[in-house]
Structures are given as C-alpha cells and as structure tokens.
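Here's the structure, in structure tokens; my notes come after.
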Ligand SMILES: O=c1ccn([C@@H]2O[C@H](COP(=O)(O)OP(=O)(O)O[C@H]3O[C@H](CO)[C@@H](O)[C@H](O)[C@H]3O)[C@@H](O)[C@H]2O)c(=O)[nH]1
Ligand SMILES: [Mn+2]
C-alpha cells in the first residue's frame, strides 16, 4: 500500500551530508518503501549531487533562507547562529504532505518503520545524553505553515539553549517528556551508535531489534575510510569504533558502495533513465577497475578480481601481499580511482580497489565567485562572512 500524502524527510546542506542522505534514502528503499522520499537541500549543494539525489528521492526541494518570507529573513539576520537550525525547521513547510517522519542525514534505517506514521506530532525518542529531552534526529511531525511560523517566532524570541534545532524543538514542544507516552518513540527508532555501550546489557537484550541507527556526534560514517575488498572500516585519526558500532558502520559503507557509488557512475555517464530507487549494478570493485583502466565501455575481460586485486585485499595494517600471490604491481590505486570526470564537485570521492574515501574539497573561490555568492544571497554567516571575521577585516583595513 502506497501512501502518497506522507513522506520521509531529510536535510543536506552540503555535498558531504548528501552522502549520508543518499545512504539513508537507499536504506529506506531496501525495506518496502510505502511513503514518498523528500530531501531538503540548500543552494550550496552542487548540481551533480542534485542529479544523484533525484534518483533516490521523489522530491529534492531547495530551501533558501534568504529568499523566504520576511519573518525568516529577519530571524536569520538577527541570529545568524540559528542558520542551520532554521533550515531543519523548513520541513514544516511541506504542506502537501499530511504527516512526515524527519530523519537526520546521519541515520540509517535497518527495517521497515511505517508504524511511525501511526504516531502524532510531536513524537521523538529520548536523547541518550539527557533522556528528559528528545533527540531531534528522528521525529514525527505534521507540516503546517502556522507551526512553522510559531517555531521561527520562538527561535527569534528565545533562541535555542544548545544553539541548534534540538534545543529549540525541545523548548517549543516542552511537555514532550510528560504529556503523552505515545509521543515517546522507543529508543530502537533512534539508537545512537556511539553511546549505547553505556548500558551494554540493554544493548545485548534489545539491540537486535534496532530499527534506526543514528551516527550522532562529530564523527560520521563518511569520516572513515572503507576497504571494499575486506569489508573493513578504517579508522580515521582519533576516531575509533567499538564492536557494535563497527557493525553499523560496515552496513553504512556496504550501502554506500553498492547503492550509492553506482549512481555517480550513471549520473556522470548521463544515463538519465534511472528512475527513483533504480540502482545500476556496479557493486563489485572489479567493474570499477575495468572501467577506469579501459576508459569505460569495454566489458571486463575477467570479471573476477585479478590476483592483484586480491593482494589489495590483504588485511588492514599489513602491506604484505598475500602468500603465494604475485605482487600487486599492475593494480596500484591510481589506475583504479574513479577518473577525474567522475568526481563529485564539492567532495573528493576517491575509489580504489583497497579504499573508498569521501573528503570535503577545500575550494578557494576567486574574488568574482565570492562576489557572485554574496549577490545571490549565499552568504557564509557561520564562516568567513561571519560578523566577527568581517569586523577583523575592517579593523585590519583601518589600522
Ligand atoms: O553541515 C550540516 C550539518 C547538519 N546537517 C543536517 O542536520 C542534521 C543534524 O546534524 P548532525 O551533524 O547529524 O547532528 P548530530 O550529531 O546528530 O547532533 C545532535 O544535535 C543536532 C543539533 O541540535 C541535532 O540536529 C541532531 O538531531 C542531534 O542528534 C544532519 O543529520 C543533516 O541532516 C546538514 O545538512 N549540514
Ligand atoms: Mn544526526
């Protein structure tokens, strides 16, 4: 049964978070999707990512705070730190849906969660850090311009006690923890992947019924690297994962490899026929390597990974080729990387036999590009265009 006036909604304000949104969207599609899929984006999202998102999501909706109604504009100018927060609140403007479930772009759905639509506004699961507050990574809401306006007014008048949407939503829906137990979603609908170990017997007892995992916190799945051959997630810098978290990270990366990477390939090849949810099959790295080695188009002479590829599969931390196999000389990383033309615009997506990594590109804009961004209203309030930075520049100039 398909319900067209209800939707799962997520948000991605840049190409990096788009990677999370894509994995989330594909994870929802894996479990008998009966609702629409919507992603809210902001102007920063590149055109390539928009094309790719449109293959997974039924609707890719750009929200632009600056162009919105006056009351948003005002709130935004007075309280630039509320920028991202206000973006999430845009989900209340999706009034062509009667009810929606919002999911952060860093969540992953493990099974069908249609029963969430039986709940009313405002339903959410407790925050693991302060269970009298809800976590705003998964919530059920009812789009309404009236509610949206009240939320923005609330933001303007009271700000947010954590400077972000979770604080704001908790003070707006402040009787959540006491008024109606039906609005308390069970923790399995928003299982924080990195904090559950504080009560490990509970995780042992209930963890297997988890339905939505949330990679809450500063280290996201896309901050790790992945070895597609061994299926291991490589730790990055100080990031380390425990055993349970590793299972979810592995799942995230498997979906990324099998259901997201192929979309890049087809988008780059201009294969516009892919309908939402349709994924082209490029799940084996062998195909990736063949394609880039041959320049594309040529079928793989041997679709099973060559000895060289198998060598690249050696366990992490070991650079030794596997016993009895030749040195992986012909299979060095650069031959297997996605060709230049297959790179996303604002993310550095490096795909090789032994490693997939997603990194943010640090782009230096030319002064003309900077000016155009300003004129288009794409102002980096939190970063280099923040008032404090501008003040610094003025001070330097005046000295
Ligand atoms: O640069 C960004 C940052 C965030 N988001 C979106 O906003 C969500 C929330 O940000 P996230 O980095 O996931 O925050 P959390 O680590 O989950 O931290 C908590 O705190 C946030 C701020 O209150 C809440 O939004 C989260 O739901 C809550 O779990 C993301 O999932 C995205 O959908 C972007 O699109 N771009
Ligand atoms: Mn989150």
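Arranged from fewest to most other beta-carbon atoms within 10 Å of their beta carbon, 158, 184, 214, 146 become 146, 158, 184, 214.
The residue 208 and residue 61 beta-carbon pair, evaluated with R₀ = 35 Å, returns a calculated FRET efficiency of approximately 0.50.
Given R0 = 25 Å, the distance between the Cβ atoms of residue 175 and residue 200 translates into a calculated FRET efficiency of 0.20. Here the range 6-271 is treated as a Stokes sphere of Kirkwood radius computed over C-alpha pairs; at 20 °C and 1.002 mPa s its diffusion coefficient rounds to 113 µm²/s.
Counting pairs of alpha carbon atoms under 8 Å apart in space and at least six apart in sequence, what relative contact order in percent does the range 87-206 give?
Computed value for the range 87-206: 30 percent relative contact order.
Modelled this way, with points 7 Å down the Cα-to-C-beta line, the labels at residue 395 and residue 132 are 4.0 nm from one another.
Gain on full extension, evaluated as 0.36 nm per residue between residue 4 and residue 372 minus their Cα-Cα distance, stands at 128.6 nm. For the range 6-271, relative contact order (Cα pairs under 8 Å, six or more residues apart, normalised by length) works out to 19 percent. Computed over the range 1-55, relative contact order equals 51 percent, with contacts defined as Cα pairs under 8 Å that lie 6+ residues apart. Taking 0.36 nm per intervening residue step and subtracting the Cα-Cα distance, what contour gain separates residue 95 from residue 359 on full extension? Working it through step by step, the gained length comes to 91.5 nm.
Counting other beta carbons within 10 Å of each residue's own, what order do 117, 206 fall into, fewest first?
Starting with the residue having the fewest Cβ neighbours, the order is 206, 117.
Every read-out reported here was derived from the displayed coordinates using simple, explicitly stated rules and does not represent laboratory data. Note that the structure is a prediction, hence the values are computed from the model and not measured. With ideal geometry, Cβ positions are generated from the backbone for all residues, glycine too; neighbour counts draw on all protein chains shown.
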